[in-house]
Amino acid sequence: MSQLHTVAELMALSARTAPKGRGEDFIVTEIVEGDDLAVLGRTMIEFGERSGKALFDRDGKNVMDSAVVLLIGMKDASPLGLNCGACGAEKCVAINTYQGEFSGPQCCLRMLDLGIAIGSAVKTASLLNADNRIMYRIGPVAKEMGVIDADVVIGIPLSATGKSIYFDR
């Protein structure tokens, strides 16, 4: 087990224990490493070519050059039931009625929970001096590949080199 695997485990712990609306936890995590990183990176590049979306190649190469990737997602998150309108609906939405790169719509307040979990995870990586970058582009590909069972997914690759591989891209 590598040091960065341990960092990823501690990041997943931070995501798990991050504050959440009503204390209800819909966060899921998965660690990707070894040969699976190369597969994920190559599939990201192919996804970008297939979809015509830019920068999947750049981020896919970053994934292949990383030691580990932590996936943080949200699965079957019920709306808080506040009818706040932040999602754009008059009453709380029926989640996961649309399938795109991610499943949606999602309760805005649950998406905040996901953001807080991601922020807590990268805070942990920072405290441990592990280079990292939050990457949206990892999420749709990891979801499509079935690497993680989640409705919305964000990836956080980790590296430990003399200069961050995520800086001058």
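The values are calculated or read from the model by the stated rules, or taken from the named source; none is laboratory data. Since the structure is predicted, the reported quantities are computational estimates derived from the model, not experimental observations. Cβ atoms come from the backbone with ideal geometry, glycine included; neighbour counts cover every protein chain shown.
Quick notes
- Residue 94 passes every criterion in (1) surrounded by 14 or more Cβ atoms within 10 Å (Cβ to Cβ); (2) out of contact with any strand residue (DSSP E or B) (no Cβ under 9 Å at 6 or more places or on another chain); (3) hydrophobic (A, V, I, L, M, F, W, C); (4) without any contact (Cβ under 8 Å) to a residue 40 or more places away in the chain apart from (1).
- Of all residues in segment 99-109, one or more are touching a Pro at 6+ places or on another chain (Cβ under 9 Å) and of a type in the set (Gly, Ala, Ser).
- Residue in segment 54-66 that is assigned to a loop (DSSP other than H, G, I, E, B) and either modelled with pLDDT under 95 or over 19 Å from residue 130 (Cβ atoms) (or both) present: yes
- Inclusion of residue 36 among residues that are out of contact with any helix residue (DSSP H, G or I) (no Cβ under 7 Å at 6 or more places or on another chain), modelled with pLDDT of 95 or more and in a loop (DSSP other than H, G, I, E, B) is not warranted.
- Condition broken by residue 17, with the remaining ones in (1) hydroxyl-bearing (Ser, Thr, Tyr); (2) at pLDDT 95 or above; (3) over 19 Å from residue 116 (Cβ atoms) satisfied: (3)
- For residue 4, the stated conditions do not hold, so it cannot be described as within 14 Å of residue 155 (Cα to Cα), at pLDDT 95 or above and not polar (S, T, N, Q).
- Considering 70, 114, 109, 82, the condition of being crowded, with 18+ Cβ neighbours inside 10 Å, not in a helix (DSSP H, G or I) and not aromatic (Phe, Trp, Tyr) is satisfied by 70 alone.
- So residue 33, is it surrounded by 15 or more Cβ atoms within 10 Å (Cβ to Cβ) and acidic (Asp, Glu): yes
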